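A short write-up of the structure that comes next.
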Amino acid sequence: MNEVLNTIKERRSVRVFKDEQIKDEELQEVLEAGLYAPSAINQQSWHFTVIQNGKVLENFTQTAKETFLKSGVDQLKAMANNEKYKVFYNAPTAIIISGDTKAANPEADCSAATENILLAAKALGLGTCWIGSMPYIFGNGNNEALKNELGIPEGYTPINSIAIGYAASETTKAPARKENKVNIIK
């Protein structure tokens with residue numbers, strides 16, 4: 001099978017990581033892959049913020065939990081009330097993908113960049129988990145102080161994030177794909 005297609009089919013979400021930082025070269029490779037993602041009108045409307053500082057990652061989790069408790073979303077409240085919950089699952093590195101709010105389609109741009117990073121990481125032997133809670137943490141102007149602490153540029157908002165590191169164990173095989181998800185009209 002084609003190497004790219006194989007990587008796509010083998011990529012899994014990892015939620016248990018080794019306590020070992022990824023190599024700088026690996027980080028640069030995955031970030032570069034993100035920069036090569038397609039974007040609406042080639043605006044390249046993303047900005048990547050890499051967090052490798054344990055105290056900053058812990059502060060991020062605390063801020064997220066406080067926000068989740070106020071959210072009115074039962075699933076988020078349950079996560080916030082779980083003392084073991086960490087936004088980035090104790091991964092040594094997190095990447096925040098923020099989008100330019102004035103761009104044509106920053107959500108699509110940032111999601112394409114996110115997927116490129118996930119696939120590049122898999123190809124390099126790294127484990128990742130796409131974290132989808134950024135709109136809850138930063139939506140409606142929430143947590144501007146955290147955005148400033150992270151150096152997220154003015155006019156950008158966090159859209160996606162990724163936990164990244166070395167998987168603590170082998171990933172499981174992909175579950176069966178759901179049926180009836182494709183229509184082909186000829």
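Every read-out reported here was derived from the displayed coordinates using simple, explicitly stated rules and does not represent laboratory data. Since we're looking at a predicted model, the values are computed, not measured. Virtual Cβ from ideal backbone geometry, glycine too; neighbours counted across all protein chains shown.
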Put a dot 7 Å past each Cα toward the Cβ at residue 4 and residue 173; how far apart are the dots in nm? 2.6 nm
By how many nm would the segment from residue 43 to residue 85 lengthen if fully extended, with 0.36 nm per residue of separation less the alpha-carbon distance? 11.6 nm
With +1 on each Lys and Arg Cβ and -1 on each Asp and Glu Cβ, how big is the dipole of the stretch 9-165 about its Cα centre, in debye rounded to the nearest 20? 540 debye
I need the Kirkwood Rh of the stretch 9-165: take the reciprocal of the average 1/r across all distinct C-alpha pairs and report it in angstrom. 15.8 Å
What is the distance, in nm, between label points placed 7 Å from the Cα along the Cα-to-Cβ direction at residue 70 and at residue 15? 2.7 nm
Please list, in chain and number order, the residues 5+ apart from residue 86 or on another chain whose amide H is under 5 Å from its amide H, with Hs placed from the backbone. none
Please go through the stretch 57-127 and write out the trypsin sites (Lys or Arg not before Pro) that DSSP classes as loop and that have at most 14 other C-beta atoms within 10 Å. 70, 84, 102
Using 0.36 nm per residue, how much length does the chain from residue 35 to residue 107 gain when fully extended, once their Cα-Cα distance is taken away? 24.4 nm
Among 46, 13, 162, pick out the residue whose Cα is farthest towards the positive end of the charge dipole of the stretch 9-165, where Lys and Arg carry +1 and Asp and Glu carry -1 on C-beta, about the Cα centre. 13
For the pair residue 183 and residue 24, what calculated FRET efficiency results from E = 1/(1 + (r/R0)^6), where r is the Cβ-Cβ distance and R0 = 41 Å, to the nearest 0.05? 0.35
